[in-house]
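Enquirer: Have a look at this one before I ask anything.
All of the numbers you see were taken from the coordinates with simple rules; none came from a lab. Just so it is clear, the structure is predicted and the values come from calculations on it, not from any experiment. Cβ atoms come from the backbone with ideal geometry, glycine included; neighbour counts cover every protein chain shown.
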Amino acid sequence: MFSINAHSHWVKAAEFSPDTRLIASGSEDRTVKLWDMTSKNMISSFQDHSQGVNTVRFHPDGTCVAAGSSDKSIKIWDIRSQRLIQHYDAHNESVSGITFHPNGRYLVSSSCDSTVKVWDLRQGHILYTLYGHEGAANTVNFSPSGDYFTSSGNDSVVMIWKSNLNEFEQELIDDFGGKTSVLPTSGPVKKEQAAVTKPLSKPIDSTHGKK
């Protein structure tokens, strides 16, 4: 066992990279830091958030790290270039949780504004806003297959959502984008028509990180 004096304020999140070589930490000091497991040294410090960082997650291919903040935004950095590559003005209140779909093409976020949102990272825009929780939505997590994701809230409720994102991917392959609905259109779901913000650079695609 070892410890790292990582930040100057509360550490709100810590996450292993998929290959366990790195640890990402997020703090109330507004930074996201990357740590090398072997040397125990910090290798990157991202200081783009204007308020505390509440949640951090590695992209499934290990080349990017994402964070959600009390500044209501989600940011994604490329670990190799150490550059901010995507920024989303995501919610009306603090971003409390984020989770990548196993294929790395989608991200789900939760917020103190009570909503859960589904994001298309390749196109750089929001797909859906889900209204289910009464009060803050605290966490989100995909199942290993990506067929489902959970959300939990201050209302003492855990919700299990069927994502339909795997089916959506297959229909994109079969029909060149002919599918218009990713999640059920009944219930606490709102389909968004426009991007919240454009990505800062080329969106993450199906070949991201592969040679």
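Enquirer: Just add up the charged neighbours of LYS72: K/R +1, D/E -1, any other residue whose Cβ is under 13 Å from the Cβ of LYS72.
Expert: With Lys, Arg at +1 and Asp, Glu at -1, the net is -2.
Enquirer: Could you please rank ARG122, ARG80, ARG105, ARG21, placing first whichever residue has the fewest other Cβ atoms within 10 Å of its Cβ?
Expert: Arranged by neighbour count, lowest to highest, ARG122, ARG80, ARG105, ARG21 become ARG80, ARG21, ARG122, ARG105.
Enquirer: If each residue's Cβ is checked for other Cβ atoms within 10 Å, how do VAL158, VAL53 rank with the fewest at the top?
Expert: Lowest count first: VAL158, VAL53.
Enquirer: For a footprinting-style exposure proxy, rank SER81, SER94, SER151 by other Cβ within 10 Å, fewest first.
Expert: Listed from fewest to most nearby Cβ atoms, that is SER81, SER94, SER151.
Enquirer: Still on this structure, I have one more. Report, in debye and to the nearest 20, how large the dipole of segment 18-157 comes out about its Cα centre when Lys and Arg carry +1 and Asp and Glu carry -1 on their Cβ.
Expert: Its charge dipole is roughly 460 debye.
Enquirer: Apply the a/c threshold of 1.5 to the C-alpha gyration tensor of segment 50-119 and tell me whether it is rounded, prolate or oblate.
Expert: Judged from the Cα gyration tensor, segment 50-119 comes out oblate (a/c at least 1.5, b/c at or above a/b).
Enquirer: Using every alpha carbon pair in segment 11-191, what percent of pairs falls into each 10 Å bin from 0 up to the bin containing the largest distance?
Expert: Bin by bin from 0 Å, the calculated values are 10, 38, 35, 15, 2, 0.
Enquirer: Grab the other residues whose beta carbon is less than 13 angstrom from that of TYR148, score K and R as +1, D and E as -1, and report the net.
Expert: -1
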